[in-house]
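Asker: Pasting in a structure now, in structure tokens, and then I'll have a few things to ask.
The values are calculated or read from the model by the stated rules, or taken from the named source; none is laboratory data. What you see is a predicted model, and the numbers here were worked out from it, not measured in a lab. Note that we place each Cβ from the backbone using ideal geometry, even for glycine, and neighbour counts take in every protein chain shown. Ligands, DNA and RNA are excluded from the accessible area calculation, which covers all protein heavy atoms including side chains. Shrake-Rupley method; radii C 1.70, N 1.55, O 1.52, S 1.80 Å.
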2 protein chains.
Amino acid sequence: MATKFVYEVEGLSLDNDALVLNETVFHNANGYIGVRSNFEEGYPQGYDSIRGEYINGFYDIAEMKQAEKLFGFVEEKQTMLNVADTQGIYLSADGEEFSMFEGEVLSSRRYLDMEGGYTGREVTWRSPKGREMRITVKRMTSFEKLTLFTIEYTVEALNFEGNVLLTSTHIGDVKNYCNPDDPRVAGESFNHLVPVRAALEGGVSCLVTDTSKSGLTVCTAVKNVLSKEAKEECFVAGHRAVCRLSTYMEKGECITLTKYSVFVDSIRHKDVMEAAKKELEEALERPMSYWYQAQKEYLDKFWNQSSLEIEGDDDLSLAVRYNLYQLVQSVGKDEHCNIAAKGLSGEGYEGHYFWDTEMYMQPFFTLTNPKIAKNLIAYRYSILDAARDNAKILGHKKGALYPWRTIMGKECSGYYPSGTAQYHINGDIAYSVTAYYLATKDLEFIAEKGAEIIFETARLWMDVGHFYKGKFVINAVTGPDEYTCMVNNNYFTNVSAQYNLHWALRFYELLEDAGMLDKVKAKLGLTEEELEGFKKAEECMYLPYDEELGINPQDDSFLSKPVWDIENTPKEDFPLLLHYHPLHLYRYQVCKQADTVLAHFIFEDAQSLETIRKSFEYYEKVTTHDSSLSTCIYSIVASKLGLDDKAYMYFGDSAKLDLFNTHHNTKDGIHTANMGGNYMAIVYGFGGLRLKETGLYFEPSLPKQWTGYKFKIKYEGSQIQVEIDESGSTFRLVKGDARTIFVYGEEYLVEDSVKVPLKRVR
Amino acid sequence: MATKFVYEVEGLSLDNDALVLNETVFHNANGYIGVRSNFEEGYPQGYDSIRGEYINGFYDIAEMKQAEKLFGFVEEKQTMLNVADTQGIYLSADGEEFSMFEGEVLSSRRYLDMEGGYTGREVTWRSPKGREMRITVKRMTSFEKLTLFTIEYTVEALNFEGNVLLTSTHIGDVKNYCNPDDPRVAGESFNHLVPVRAALEGGVSCLVTDTSKSGLTVCTAVKNVLSKEAKEECFVAGHRAVCRLSTYMEKGECITLTKYSVFVDSIRHKDVMEAAKKELEEALERPMSYWYQAQKEYLDKFWNQSSLEIEGDDDLSLAVRYNLYQLVQSVGKDEHCNIAAKGLSGEGYEGHYFWDTEMYMQPFFTLTNPKIAKNLIAYRYSILDAARDNAKILGHKKGALYPWRTIMGKECSGYYPSGTAQYHINGDIAYSVTAYYLATKDLEFIAEKGAEIIFETARLWMDVGHFYKGKFVINAVTGPDEYTCMVNNNYFTNVSAQYNLHWALRFYELLEDAGMLDKVKAKLGLTEEELEGFKKAEECMYLPYDEELGINPQDDSFLSKPVWDIENTPKEDFPLLLHYHPLHLYRYQVCKQADTVLAHFIFEDAQSLETIRKSFEYYEKVTTHDSSLSTCIYSIVASKLGLDDKAYMYFGDSAKLDLFNTHHNTKDGIHTANMGGNYMAIVYGFGGLRLKETGLYFEPSLPKQWTGYKFKIKYEGSQIQVEIDESGSTFRLVKGDARTIFVYGEEYLVEDSVKVPLKRVR
């Protein structure tokens, strides 16, 4: 059971697609900054590259022109910025420039060390004139000092001696990547950065840059330190700084350039330049060994809290570890940011935050690192006023409607039918607050922030829905499945609204009982009558059910549409959204992703197992899984239904997405939600874990492809290790007080350890 | 019963809003060219003006950026071009420039003579230095020579003598008007015109101009002729030509500058410059009196064919005459063009053609001038291939889907839910073809063009709809009411599809019987099986009906939504589309315009009178009439139901729209559809006319506000005059063979004349 900590690629391909893919796969991030793994020296002209360095939550405002302008249409979007390029290091030996595209690469390797928290590139290279050298690059974004990105660039002269020049660049006037033909990245190039100041002092270059419209400022500061005395020549030209370090190398000698970059923004700091200098000074005060050690300690703790190990499939085990590593790289560490759909690994979806956070990624943190989950909720709390404004734009007289995609709270959906109309995001966020509470029982935080979110989202349901023939119905919304838009009574939406209303009522009681209600009650002007309304709507919530099929229809009219012939659709027509007009898709029973099936996982208690089984079988036939958020959910529900082979098949597809680039767009960034979903497929799926008010539940199963798996979770402050193998499931209390759990419905007290034989109890 | 032919305004207001409004109200057009009624000398700086001259069907391609790009989204639109400015005439007397904004306007008047077919401006003016003069301007776009626009500019020196200079300009590098804040006109200024050649020869200036993207060319040629010998100085500068004519005027003397402009485009001509010269030569060969006479003769014939006179309300009678005049000014006279939503009077809706043509304007021509109706159908035939392509983009495997808005056939809707999704345009076009046939029995034209349209639109229904529980249903389309989008089984759509299918079957039989079927059958590969399918779909067409209310629901879910509180909505919130997000509107029972009620007029035989009555009462309460296409329909159905007061109220609102600028946007152009609807409200409404396969029907009524009204129609080649007054309805055969008609359900043969007493027979 020793999952590898290193993912590596030997004999690097110089094919452009592979290069751009690896920029993503090997990127460095710490939740605050992200740096794509570009070659320091770049590629030759004509090669495509997405060269970028990002700050989580740092954005500019870009125009979003609407072909036809209707009231309330979004015309400006926030977009994550490429803030600077501090990656450039150019090596030349007696005038011969190092490039993997010239001369001869004798050996090469890239790796990601998930224990040490750094990436590396190692190249043995023979120049056109025969100079042989070994270049070793080690890159890190520090978890200990979030502003810090370091490159250690080591050159070994294998068979020559001579003058060596290292040119290190620091560029402030960069642009974002654009591709006018791909709807998933920005369509046009625009100067979002306005140079303010470029300074050079004591070899430290500082570039201060404003955004064009959002009123933000960033300062990047860079310092180059060579292990050997050298002639140093630094200068500033425009909004760029260059440092040229030249020295004489003996044969066999090794020199190392350590390049420190820090990123400081005006969201978190008042005087960005002062703060950047201070951060850089602090970074320089200690040796690199200190920062590597701190990095390792952070990750030791991380893996200790959250490691998930699989025995019997090394590739998969590594893929899962890779996914968890990406989650901790991506997740924001303060309330000013969240987890972007692509983390900090690329510009796909423009750095926006979606429901992906709450439904796919936050569960991992809720179960392993609730402090981070709390931060994520605090972020949603920080944009609650923006969500209230958004509700008003959509015509609602009360409540808050969270934006479908955003950075700082304003809706950034260009096509509202599969954007803003996804009102279920309110239910998703409410669900995640509840899940946090169920895992931690942290009622203080609910009183402080969580409840206000829950009450305001509950209020929105009361305004969007209405009573019709005794039932509470919700019209003209879009569920998770984006191939069916603007429908009435989407099952997922309605059941999530019901849960939202239920927990509004429940938190009201809990807070009242704890004497913690008054503040939020007064702030929101909550009345007993309003609560009565919540109760009535919860009780009367219309959950569509088809008697004939015994399933929950996805919405009122879904089942009346013809079924899309998935089997006879040419392979190259997938994903369907790139080949069919949305209006055409809307006319068929065809799902991009789990919708009702997702509801059957998240809100499983709303239906009988029989209904869930029939629904699963029905929707399986009409789902294309064109979204990366789909197969993991199918895996979980298959597990729930005891369909082990299916559960494993769906899980396998899902886990390998980015390392194997199965969706062909990993170059634009990792699929963070899929990574979180992958974790869920194991822990919720095979492990059968559920968080309910009545307790913590497990229904473990062991895929026949594995000999065992284990994971740790935190529950009500205690840490419990779960180990599942052929001999059974073992629940061991690692830290904290004894906790009660339910395994296959039976109650157990985990004081030291509890072992339960494997079985299915359905 | 002598309706005035002249609409005039005395004492011109120089308020900017009034000026821009009058540019529309007094524009000149002949169906080929349109010239806004700008002052020749312009306005002072800072005044807003939409200065434009247009050619029907002449367009460029403009980018239409989609905020989010999904498959099949329209990214380019056609836009009607402002092609040149040939209006400029600047008058100065001894250095004093004429301007109504300086000196003193002693008297002023503008008029439109609808018998003579010209507009005029008459100004008596005293210059700052006391020179008094009378300026008389007469402008005409010739119906006889469609390329010709003339300005007769007469100056009378009332109290002075001296040097007078007339500067006439011809500008080729013009732009379209833009207003980024109004969704109904173009949002940005763009250079659509590319100067190709400017030539000056014998006082004739020719400007040849290409469009930037659509591959079209226009040539404008101008010649200035002064009634008195003068010093003439003409020159070309860039893409502009200027002619300066100076002469000495005696006190009391009158001089007239006649400015001839011709417009020739590459859609209709091969060598535009040669053609323009030739057209201009022809215009110059004859005296202006000839052109005025020809104009009058054309209009005599027009009024003789189509005059509609009302006794008892002079304002209304004039408004109706104005509307009919605008229709003949606006309608294209060849198959290369149609009738734009704003005619040729302005740039609103960018010169696009909508369903407005078939459902609101064509009926007037079908009944009075079927040759023009035939041209309009020929235009739709000419874009049938584009409609087939459009169907493919929307995912259909067969048939044609007409674009919601277009110039040359490509869909130009930026927001498809209330654009492309309005599939009923197919039914509308099919209906208009049928109506043409019913009025003319011109089966040759059906064989030649009409049937192909009918069959291809019928095929589309078979592809968009499907059988569900024994019924033929049509999902995810938008009906006429744009406040309810993308619904299932919109009643109007379904009943129009049924009619379309019915007439596909009927024309198949009629053509077969006449031995005229083979060509179109072979071309389209029509089979008996396909016809069987049409038949089954027609028979099983699902027409939603609500037992409880006894009405036809607008769509499957319309009645389940809450009713919008129209009464308590602030007045300034109308039209709702400018103040509420579409998603919000879609959640309510609120109609922008007649939808089911329109169906109850157009396809009245599909329901009992009782259902229609209940529907009318129901929808009346939930309709805002935010569209100018609504009240006329409500008037017609109110007439049908014997609700005379309501019928009159709705009619009155509708008729005065442009002359009284009740929608506050007449500056962007006239509302041509409303004008046609106005005609229909009288002839179909009060007159109760219907065209059916079984014959021509009337149910005349006389609004109590009138003493009488009369109109002429053409039916099966014969002309019939209908006169209604308190003594009854008189049907007189004016021309052609005797025809059978039905009045209040009774059959009559109109040989000479038939008189039927007024009554209601319901």
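Asker: Taking 50 Å² as the minimum loss, tell me which residues in region B:536-579 lose that much accessible area going from the chain by itself to the full protein complex (1.4 Å probe).
Answerer: Residues losing area: B:SER560.
Asker: How large is the Kirkwood hydrodynamic radius of region A:6-297, in angstrom, based on all distinct alpha carbon pairs?
Answerer: 20.0 Å
Asker: At 1.4 Å probe size, with no ligands or nucleic acids counted, give the accessible surface of A:VAL35 in Å², nearest ten.
Answerer: The value for A:VAL35 is about 0 Å².
Asker: Starting from a label point 7 Å past Cα on the Cβ side, list the distances from B:ARG109 to the same position in the other copies, nm, shortest first.
Answerer: 10.0
Asker: In whole Å, how far is the Cα centre of region A:420-468 from that of region B:331-364?
Answerer: After rounding, the separation between the Cα centres reads 51 Å.
Asker: Counting only helical runs of four or more DSSP H residues, what would the 222 nm mean residue ellipticity of chain A come to if each run contributes -39,500 (n - 2.57) and the total is spread over all its residues?
Answerer: It comes out at -9000 deg cm²/dmol, rounded to the nearest 500.
Asker: Between A:GLU529 and A:SER212, what FRET efficiency comes out of the Förster formula 1/(1 + (r/R0)^6) with R0 = 60 Å and r the beta carbon distance, rounded to 0.05?
Answerer: Given R0 = 60 Å and the Cβ-Cβ separation, E is 0.80.
Asker: I need the shape label for region A:219-339. Rule: rounded when a/c is under 1.5, else prolate if a/b > b/c, else oblate, with a, b, c from the alpha carbon gyration tensor.
Answerer: Because a/c hits 1.5 or more and a/b fails to exceed b/c, region A:219-339 counts as oblate.
Asker: Shortest first and in nm to one decimal, what separations exist between A:LYS270 and its copies in the other chains, measuring from label points 7 Å along the Cα-to-beta-carbon line?
Answerer: 8.1
Asker: Please work out how much length the chain gains when fully extended from B:LYS301 to B:HIS663, using 0.36 nm per residue of separation minus the C-alpha to C-alpha distance, in nm with one decimal.
Answerer: Extending this stretch completely gives an extra 127.1 nm.
Asker: Now, a different point. When Cβ neighbours within 10 Å are restricted to other protein chains, what is their mean count per residue of peptide A:582-593?
Answerer: Averaged over the peptide's residues, the number is 5.
Asker: Sequence gap at least 6, Cα distance under 8 Å: using those rules, report the relative contact order of chain B to the nearest whole percent.
Answerer: After rounding, I find 12 percent.
Asker: Take the Cα of A:ASP314, step 7 Å along the line toward its Cβ, and report every residue of region A:647-661 whose backbone nitrogen sits under 19 Å from that point.
Answerer: Once the point is set 7 Å along Cα→Cβ of A:ASP314, A:656, A:659-660 turn out to lie under 19 Å by backbone N, inside region A:647-661.
Asker: Here's another thing I want to ask about it. Sticking with the crude label model, points 7 Å out along Cα→Cβ, report the distance from A:GLU115 to A:ASN16 in nm, one decimal please.
Answerer: 3.9 nm
Asker: Find the lysine pairs in region A:700-762 meeting two conditions, Cα atoms under 23 Å apart and a separation of 8 or more places or different chains, and report how many there are.
Answerer: Within region A:700-762, the lysine pair count is 12.
Asker: With a 1.4 Å probe and all protein chains left in place, how much of the accessible area of the protein assembly as shown comes from carbon and sulfur atoms, in whole percent?
Answerer: 47 percent
Asker: Right, here's the next one. Give the cysteines in chain B for which no other Cys Cβ lies under 4.7 Å away, or write none if there are none.
Answerer: B:CYS178, B:CYS206, B:CYS219, B:CYS254, B:CYS337, B:CYS412, B:CYS485, B:CYS540, B:CYS591, B:CYS632
Asker: Using heavy-atom solvent-accessible surface (probe 1.4 Å) with all chains present, what is the largest-first order of B:GLU539, A:GLU456?
Answerer: B:GLU539, A:GLU456
Asker: Here is a further query. Would you mind working out the magnitude of the charge dipole of region A:6-297 relative to its Cα centre, with +1 at each Lys and Arg C-beta and -1 at each Asp and Glu C-beta, to the nearest 20 Debye?
Answerer: So the magnitude is around 420 debye.
Asker: In addition: Where in region B:38-68 does accessible area fall by at least 50 Å² between the isolated chain and the complete protein assembly, at a 1.4 Å probe radius?
Answerer: The answer is B:LYS65, B:ALA67, B:GLU68.
Asker: Say a label goes 7 Å from Cα toward Cβ at A:ALA514 in every copy; what distances in nm does this one have to the rest, shortest first?
Answerer: For A:ALA514, the inter-copy label distances come out at 8.3 nm.
Asker: Starting from region A:432-486, pick out the trypsin sites (Lys or Arg not before Pro) whose DSSP state is loop and whose Cβ has at most 16 other Cβ atoms within 10 Å.
Answerer: Listed in order of number, the matching sites are A:LYS441, A:LYS469.
Asker: Next up: Rounded to the nearest whole Å², what accessible area per residue is found for region A:387-490 with the 1.4 Å probe?
Answerer: Heavy-atom accessible area per residue stands at 22 Å².
Asker: Leaving out ligands and nucleic acids, and using a 1.4 Å probe, what accessible area per residue does region A:6-297 come to in Å²?
Answerer: So region A:6-297 comes to 38 Å² accessible per residue, rounded to a whole number.
Asker: Let me ask another. Considering protein heavy atoms only and a 1.4 Å probe radius, which residues within region A:413-448 exhibit an accessible-area decrease of no less than 30 Å² in the full assembly relative to the chain by itself?
Answerer: A:TYR415, A:TYR416
Asker: Only sites in a loop by DSSP and with at most 16 other Cβ atoms within 10 Å count here; which chymotrypsin sites (Phe, Trp or Tyr not before Pro) in region A:468-566 make the cut?
Answerer: Those that pass, being in a loop and sparsely packed, are A:TYR545.
Asker: What FRET efficiency would be calculated for the residue pair B:LYS519, B:LYS371, taking the C-beta separation as r and a Förster radius of 22 Å, to the nearest 0.05?
Answerer: Taking R0 as 22 Å, the efficiency between B:LYS519 and B:LYS371 is 0.45.
Asker: Give me the dipole magnitude in Debye, nearest 20, for the protein assembly as shown about the Cα centre, with unit charges on the beta carbon: positive for Lys and Arg, negative for Asp and Glu.
Answerer: Computed charge dipole of the protein assembly as shown: roughly 20 debye.
Asker: What accessible area per residue, rounded to a whole number of Å², is obtained for region A:570-715 using a probe radius of 1.4 Å?
Answerer: 29 Å²
Asker: Could you give the angle, 0 to 90 degrees to the nearest 10, between helix B:384-393's Cα long axis and the longest principal axis of the Cα atoms of chain B?
Answerer: 60 degrees
Asker: Sticking with this structure for a sec: Run the dipole for chain A about the Cα centre, Lys and Arg Cβ at +1, Asp and Glu Cβ at -1, nothing else charged, and hand back the magnitude in debye, nearest 20.
Answerer: Result for chain A is approximately 740 debye, rounded to the nearest 20.
Asker: Okay, next question. Enter the buried accessible area of the A/B pair, total of both sides, probe 1.4 Å, in Å² rounded to the nearest 100.
Answerer: 4400 Å²
Asker: Restricting the count to DSSP beta bridges whose residues both fall in region A:6-297, what percent are antiparallel, rounded to a multiple of 5?
Answerer: 100 percent
Asker: Going through region A:566-623, which GluC sites (Glu not before Pro) have at most 12 other Cβ atoms within 10 Å and a DSSP loop state?
Answerer: Listed in order of number, the matching sites are A:GLU567.
Asker: What do you get for the angle between helix B:288-306 and the principal long axis of chain B? Use alpha-carbon atoms, 0 to 90 degrees, nearest ten.
Answerer: The helix B:288-306 is inclined about 20 degrees to chain B.
Asker: Any chance you could give the angle, 0 to 90 degrees and rounded to 10, that helix B:528-540 forms with the longest Cα principal axis of chain B?
Answerer: Approximately 80 degrees, to the nearest ten.
Asker: Axis carrying A onto B: which residue of A has the nearest Cβ, and how far, whole Å?
Answerer: Value returned for chain A: A:LYS65, 2.
Asker: Which entries of B:LYS301/B:LYS692; B:LYS592/B:LYS667; A:LYS213/A:LYS270; A:LYS621/A:LYS656 have Cα-Cα distances beyond 20 Å here?
Answerer: Over 20 Å Cα-Cα: B:LYS301/B:LYS692; B:LYS592/B:LYS667; A:LYS621/A:LYS656.
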